[in-house]
1. What pairs can you find where one residue is in the stretch 12-33 and free of Cβ contacts under 8 Å to residues at least 60 places away in the same chain and surrounded by 11 or more Cβ atoms within 10 Å (Cβ to Cβ), the other is hydrophobic (A, V, I, L, M, F, W, C) and assigned to a helix (DSSP H, G or I), and their Cβ atoms are less than 7 Å apart, with a gap of 6+ or different chains?
2. Check the stretch 63-81 and report whether any residue there is closer than 20 Å to Ile123 by Cβ, part of a strand (DSSP E or B), of a type in the set (S, T, N, Q) and at pLDDT 95 or above.
3. Against the definition (within 15 Å of Leu126 (Cβ to Cβ), in a strand (DSSP E or B) and at pLDDT below 95), how does Lys93 come out, yes or no?
4. Among the residues of the stretch 97-113 satisfying the criterion of being in contact with a strand residue (DSSP E or B) (Cβ under 8 Å, 6 or more places away or on another chain) and of a type in the set (A, V, I, L, M, F, W, C), which is farthest from Ile123 (Cα to Cα)?
5. In the stretch 90-125, how many are within 18 Å of Thr34 (Cβ to Cβ), within 13 Å of the chain's Cα centre (by Cα) and in contact (Cβ under 8 Å) with a residue 40 or more places away in the chain?
6. Can you tell me how many residues in the stretch 96-133 are of a type in the set (S, T, N, Q), over 26 Å from Lys70 (Cβ atoms) and modelled with pLDDT of 95 or more?
7. Might you let me know whether the stretch 35-53 holds any residue that is modelled with pLDDT under 90 and either within 18 Å of Glu87 (Cα to Cα) or among the small types (Gly, Ala, Ser) (or both)?
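The values are calculated or read from the model by the stated rules, or taken from the named source; none is laboratory data. Because the structure is a prediction, the values reported are computed rather than measured. Note that we place each Cβ from the backbone using ideal geometry, even for glycine, and neighbour counts take in every protein chain shown.
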Amino acid sequence: MVETERFTLSKEERVYSLSLIDDLFRGGKSRSMTIFPLRAVYKSLENDCDEAGFQARKPCPKMLVSVPKKHFHHAVDRNRVKRQVREAFRKNKRILQGRNVAVAFIWLSDKHAESTLIERNVIAILQRISEKI
């Protein structure tokens, strides 16, 4: 039987710790890049521990999505964009496989975008991060 790859996004693959979020945005070792309508802030994580301090099973990329209220006033619109970005990351996270990195995606546009455009931009960002780390 052929094993199919599971495109899941587990809790250990999400940035949920306030200390890691603060470190990602205020830390001096974070880097960023922009491919409109997304901006990515990323940081290589030195240790193989998750946010709670437990030993992680294997290095995995972690992600966070932020859609500012100033761009979309209605929560349903912000949630749609976040869902599209999460799906694009979930389908293409294998680009960063084996790398312990935290990535925050920030939406910059006032308009919705097609899922194909978002996925192309997420792929381009992940490839550039993979090259730089």
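1. Final answer for the pair search is Ser30/Leu24.
2. Among the residues of the stretch 63-81, at least one is closer than 20 Å to Ile123 by Cβ, part of a strand (DSSP E or B), of a type in the set (S, T, N, Q) and at pLDDT 95 or above, which makes the answer yes.
3. On the way: within 15 Å of Leu126 (Cβ to Cβ): yes; in a strand (DSSP E or B): no; at pLDDT below 95: yes.
No: the conditions fail for Lys93.
4. From the stretch 97-113, those in contact with a strand residue (DSSP E or B) (Cβ under 8 Å, 6 or more places away or on another chain) are 99-108; that's our starting set.
Cutting the leftovers down to of a type in the set (A, V, I, L, M, F, W, C) gives us 101-108.
Numbers: Val101: 15, Ala102: 15, Val103: 13, Ala104: 14, Phe105: 12, Ile106: 15, Trp107: 15, Leu108: 17 Å.
For the stretch 97-113, the residue satisfying everything is Leu108.
5. 12
6. Restricting attention to the stretch 96-133, the residues satisfying the condition of being of a type in the set (S, T, N, Q) are 97, 100, 109, 115-116, 121, 127, 130.
Those still in the list that are over 26 Å from Lys70 (Cβ atoms) too: 97, 100, 127, 130.
With modelled with pLDDT of 95 or more added as a condition, the list becomes 127.
Going through the stretch 96-133 one residue at a time, the tally reaches 1.
7. Let us first name the residues in the stretch 35-53 that are modelled with pLDDT under 90, namely 45-53.
Cutting the leftovers down to either within 18 Å of Glu87 (Cα to Cα) or among the small types (Gly, Ala, Ser) (or both) gives us 52-53.
Within the stretch 35-53 (the criterion being modelled with pLDDT under 90 and either within 18 Å of Glu87 (Cα to Cα) or among the small types (Gly, Ala, Ser) (or both)), the answer is yes, since at least one residue qualifies.
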